[in-house]
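First up is the structure itself, then whatever we jot down about it.
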Amino acid sequence: MIKLNSIEINVIEMPLKDPFLTHLGAVEVREGIIIKINNSDGVSGFGEGVAFSTPWYTEETVKTSLHMITDFLIPLLQKNPVDHPRQVSQLFSSVRRNNMAKAALETALWDLYSKCHSQPLSKSLGGIYSAVAAGVVVATDSTTNALRQIDQYLQEGYQRIKVKISPKLDYSLLSEIRRVYPDLAIMADANSAYTLADMDRIKALDEFNLMMIEQPLSVDDILEHALLQKEINTPICLDESINSFDDARKAIEFGSCKVINIKVGRVGGLNEAKRIHDYCYEKGIPVWCGGMIEFGISRAHNISLASLPGFSIPGDISSSNRFWEEDIITPEVKVQNGSVAVPKSPGIGFEINEKRLQEVLQWKETIVF
Ligand code: OSB
Ligand code: MG
């Protein structure tokens, strides 16, 4: 049994180096929730709540996460001790959705469990890779800025570039990028900017030989993505539509996508992320690890997850310095030769940078068991 002593909830806030622009709006300042779970032997596990300040990407926010964590999820952990972190998703299933709130706690328990067994998180999850391919996202509103950023990122060694698109800036942006970089591994993420009425617009993007188009249609639409996939050559990757193992299974059965972006927060934790991975691996569906403009704790969990065998496509796995002047972990995540090393030390393999955490701390609460 995992004997818990206390849970510390830290809310932090940090400006991004540059605004992150999508057709849904701009993210300029990132709030986040850093969870520290302490067991009765003084071992601590860390997790991160990745909901945004406003509900633009999913329905969750920092405030709804705090409500779920303090009023419902922690009480479940207090009443029902677990032996292994893989039991937590079952325990939390009595709370509907709120996946990012659940993942904040569940991922911390995976870190704690791994540290108690003196093994890297990647090993606890069944990871096999010692380094994971780095990819980065360009989210800006002009072709000039996009080209400048891509040039910079390629110099830093990133192996693939994902660009945000919408009907406002798609064909011209991608054709310019393709002209300058004929062989670049490019994917485009639409964050639901299109409908089936845009069929011709989307079909026109086939000529750019994109690795995939991510979430072109509505957030919860499995059916219309299947209709679209029949009409276009570019593989569809689903992001927002996949909130659980069952969503992934249905999307694959319907032919709604050929690739899945797995985000730990969006699916409620590492156990569900691993289940989706295992299913896709068995079915031959490639997966990659999606990013959430996160701080170092979530970044670390992503790196360990991406060490599983089915993560065959470079994910949103970028250096701490992609978004932050200074991250809250030490050492920071760094891309070297196009990859990020998977830590070999116990748990997530990174320590908290206490000085930086205190600088960006907005609010803190400790719940004693
Ligand atoms: O749609 O993949 C997305 C960031 C925040 C919310 C949604 C998305 C993103 C990204 C990843 O595109 C950015 C990153 O953290 O690398
Ligand atoms: Mg996306």
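Rule-based calculations on the coordinates, nothing more; no lab input. It should be emphasised that the depicted structure is a prediction, and the values quoted were computed from it without experimental measurement. Heads up, the Cβs are rebuilt from the backbone with ideal geometry, glycines too, and the neighbour counts pull from every protein chain shown.
Placing +1 on the Cβ of every Lys and Arg and -1 on the Cβ of every Asp and Glu, with nothing else charged, gives the chain a dipole about its Cα centre of roughly 740 debye. Across segment 1-145, Cα pairs under 8 Å and at least six residues apart give a relative contact order of 25 percent. A dipole drawn for segment 63-135 from +1 and -1 charges on Cβ atoms has a positive end, and of V132, F92, T64 the residue lying farthest that way is T64. Note on K63 and L196: their simple-model spin labels are 3.8 nm apart, each label 7 Å out from Cα toward Cβ. The simple spin-label model puts a point 7 Å past each Cα toward its Cβ; for E13 and S118 those points are separated by 4.4 nm. Give me the percent relative contact order of the chain, please, defined on Cα pairs under 8 angstrom at least 6 residues apart. Relative contact order of the chain: 23 percent. Counting only DSSP beta bridges with both residues in the chain, the antiparallel share comes to about 65 percent.
Taking one quarter of the surface of the convex hull spanned by the alpha-carbon atoms of segment 232-369 gives a direction-averaged projected area of 10.7 nm². Taking every DSSP bridge with both residues inside segment 118-222, close to 10 percent are antiparallel. Over segment 123-341, the ratio between the Cα radius of gyration and 2.2 N^0.38 Å evaluates to 0.97. Summing Cβ point charges (Lys, Arg +1; Asp, Glu -1) relative to the Cα centre of segment 123-341 gives a dipole of roughly 460 debye. Of the GluC sites (Glu not before Pro) found in segment 235-316, no site is in coil according to DSSP while having at most 15 other Cβ atoms within 10 Å of its Cβ. For segment 22-103, chymotrypsin sites (Phe, Trp or Tyr not before Pro) meeting the loop criterion (DSSP other than H, G, I, E, B) and having at most 15 other Cβ atoms within 10 Å: W56. In this structure, E156 and K79 have a Cβ-Cβ separation that, at R0 = 56 Å, corresponds to a calculated FRET efficiency of about 0.75. For the chain, the percent of C-alpha pairs falling in each 20 Å distance bin, counted from 0 to the bin holding the largest distance, reads 31, 59, 10, 0. Only residues of segment 1-23 count here: report those whose backbone N is under 20 Å from the spot 7 Å along Cα→Cβ of W363, or say none. Answer for segment 1-23: 7-16. Checking every one of the GluC sites (Glu not before Pro) in segment 1-87 against DSSP loop status and a limit of 15 other Cβ atoms within 10 Å picks out E59. Fully extending the segment from E351 to W56 would add 103.1 nm, taking 0.36 nm per residue of separation and subtracting the current Cα-Cα distance.
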